[in-house]
Amino acid sequence: MAVASGRVQLVTLRERSLDLARWRVLWIVAAFAFLALIAVMRISYLGMNGAEARATTLADALLPPRGEITDRNGVPMARAFPAYALWFNPKALGEDGEPLVRAPEEVAAKLGEIFPDLDQAKVARQLAAGKQGYLRRRLLPEEANRVQEIGELALEIPMEEDRHYPQGKMAAHVLGYVAADGSGRVGMEQVLDEHLSNPDTRGTPVALSIDVRVQGALEDELRRGMKLTQAQGGAGIVLDVDTGEVLALASLPEFDPNKIDKDGQSLMFNRVTNQVYELGSTFKPLSVAAAIDAGVVRDLGKRYDASPVKVGRFSIKDSHAMGPDLNVVETLIHSSNTTTARIADELGPERLRRYMIDMGMNERPHIELPAKGFPIWPGEKWPRLRSMTVSYGHGIAVTPLHLASAYAAMVNGGVWRPATLHKLGAGEAPKGRRVFKASTSSRMRQMLRATAIYGTGRNADAPGYRVGGKTGSAEKPGGKGGYRRTALVSTFAAAFPMDRPRYVVIAMLDEPRGTLASSYQRTAAWNAAPIVGRLVPRIGPLIGVRPDDTRDIDISAIKPLIPGAME
């Protein structure tokens, strides 16, 4: 009996243990179910009230938030990177809580220790007013760590996407920048905004026609020229004469797209594509080319009266006496206003106007950038005097890009093409339109080369590169319809190598002064031409033009027309 009683007790104990185990399992399952229910409710709440869900596909995760821009050789010029920002959230401790533990001035002072350029007074006012907003847009990781060490919960450090320009200020006017709202502004960032932000296309980098090596050299030489002559600004462009591709485009002073502030915004005006100037004597070769092409000038040795030209009460003069008369070649070499005006007078206003239209001088420059200046165009009917003044670059104002495209047409065989900032593949160059006969272009190459050897362009004649070009020094317009004799725009328009032109180079200085470096002269022969003379040897080998002293364009046909050239 005792044995049977023990077995009953053992069975009863075993059943109780099993029941207890079952209850424990049920309680654990119930707890997990409760937690799962809370999680589902939280996810549902965030889905309805939180931020929009982000794309989570693998393809989207691998795409950059904004597409990359590169130069023609694949060098990055604009990229997207994750970055930290400094945000002040006055509600970090609740609606009724004080946002800061310390006084606003003390917090601003601690931030000033981390960021020496911080405007502490402005930040202190923002903190005291409890106004939420950015205190700083971009922080380095080590800076973010130091901000967290301050211990203020209202100083939040959100992770954002940063548009970074690895080349710094280089090509700022070409690239533009990305605003706080994520949209591109000013340059190619604005032009390419849809491509760079569209998930279907942003994974493919956009290659520009720019070569950062050429761009850097152009900016460096322009900046040097500005400093040497104390000029208030500078502009330059390097253009492929056969395709219209822009290898470099610079407007100085420039802004920093990595740091947009009030000072930077004031520097965003592009002198190459948006500012129009009277570019002076650089127009003389274009006018002579028009006269040759139209058959008005058949004999380059023909002598033209070099005395002042009187039209009504106006008189056209040269800067200095050049003798009683000049032939066509001497007209360009010595840069005579009077003989150029007489050549244009023979051509006539309507024909000169037609050639200028064919070179695009009557419309905004052709390029992708959004900021493009409209020329100051003389209108439909040109009186005799206006035709004469336009022939030597007065009474008409265009951008340096207009001039570059016109010179490309003058030296490449006579075909005008629009400029472009897109890298073009083989066979993608636009057909363009014919402006000059090939024979006219050939003759102009000879005279431009002679001007660089014997005339005002001697300081641009880089040995071995067969540079040809023309200077232009024009007084800036004054406030009462006249001109400011003390304010010049100095320009040198060039092409190289003249035996087979590949590139046009424009260098312009805005209001240079006569300094020791320019032999106390303010004209382009002494300040803009030397920029080209230094630049061409720097960029030539980079873009396939090596110096060669054994070859040059044949100018033997015009040498007898140049006094002293045969000696």
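Structure notes:
- Put simply, of Leu421, Leu448 the only residue that is under 27 Å from Glu368 (Cβ atoms) and either surrounded by 20 or more Cβ atoms within 10 Å (Cβ to Cβ) or over 27 Å from the mean Cα position of the chain (by Cα) (or both) is Leu421.
- Residue in segment 361-381 that is part of a helix (DSSP H, G or I), in contact (Cβ under 8 Å) with a residue 60 or more places away in the chain and open to solvent by 10 Å² or more (accessible area, probe 1.4 Å) present: no
- Ile333 being in contact with a strand residue (DSSP E or B) (Cβ under 8 Å, 6 or more places away or on another chain), touching a residue at least 40 places away in the same chain (Cβ under 8 Å) and buried (at least 18 other Cβ atoms within 10 Å of the Cβ): no
- Within segment 494-514, the set of residues being within 15 Å of Gly280 (Cα to Cα) and either open to solvent by 10 Å² or more (accessible area, probe 1.4 Å) or of a type in the set (Lys, Arg) (or both) comprises Glu511 only.
- Subset of segment 256-293 [surrounded by 17 or more Cβ atoms within 10 Å (Cβ to Cβ), out of contact with any Pro (no Cβ under 6 Å at 6 or more places or on another chain) and not in a helix (DSSP H, G or I)]: Pro257, Asn258, Ile260, Met268, Asn270, Arg271, Asn274, Gln275, Tyr277, Glu278, Leu279
- From Ala557, Ala517, residue being open to solvent by 60 Å² or more (accessible area, probe 1.4 Å) and touching a Leu at 6+ places or on another chain (Cβ under 8 Å): Ala517
- Selection count, segment 524-560, where residues are of a type in the set (S, T, N, Q) and in a helix (DSSP H, G or I): 1
- Of the listed requirements (1) open to solvent by 30 Å² or more (accessible area, probe 1.4 Å); (2) within 19 Å of Leu535 (Cα to Cα), Glu221 misses just one: (1).
- Selected residue (criterion: nearest to Arg384 (Cα to Cα)) from residues of segment 302-319 that are among the small types (Gly, Ala, Ser) and more than 41 Å from the chain's Cα centre (by Cα): Gly312
- Only one of the numbered conditions (1) at pLDDT 90 or above; (2) surrounded by fewer than 21 Cβ atoms within 10 Å (Cβ to Cβ) is not met by Glu475, and that is (1).
The values are calculated or read from the model by the stated rules, or taken from the named source; none is laboratory data. Keep in mind it's a predicted model, so treat the numbers as computed, not measured. Every residue, glycine among them, receives a Cβ derived from its backbone with ideal geometry; neighbour counts consider all protein chains shown. For the accessible areas, the whole protein counts, side chains as well, though only heavy atoms, and no ligand, DNA or RNA atoms are used. Shrake-Rupley method; radii C 1.70, N 1.55, O 1.52, S 1.80 Å.
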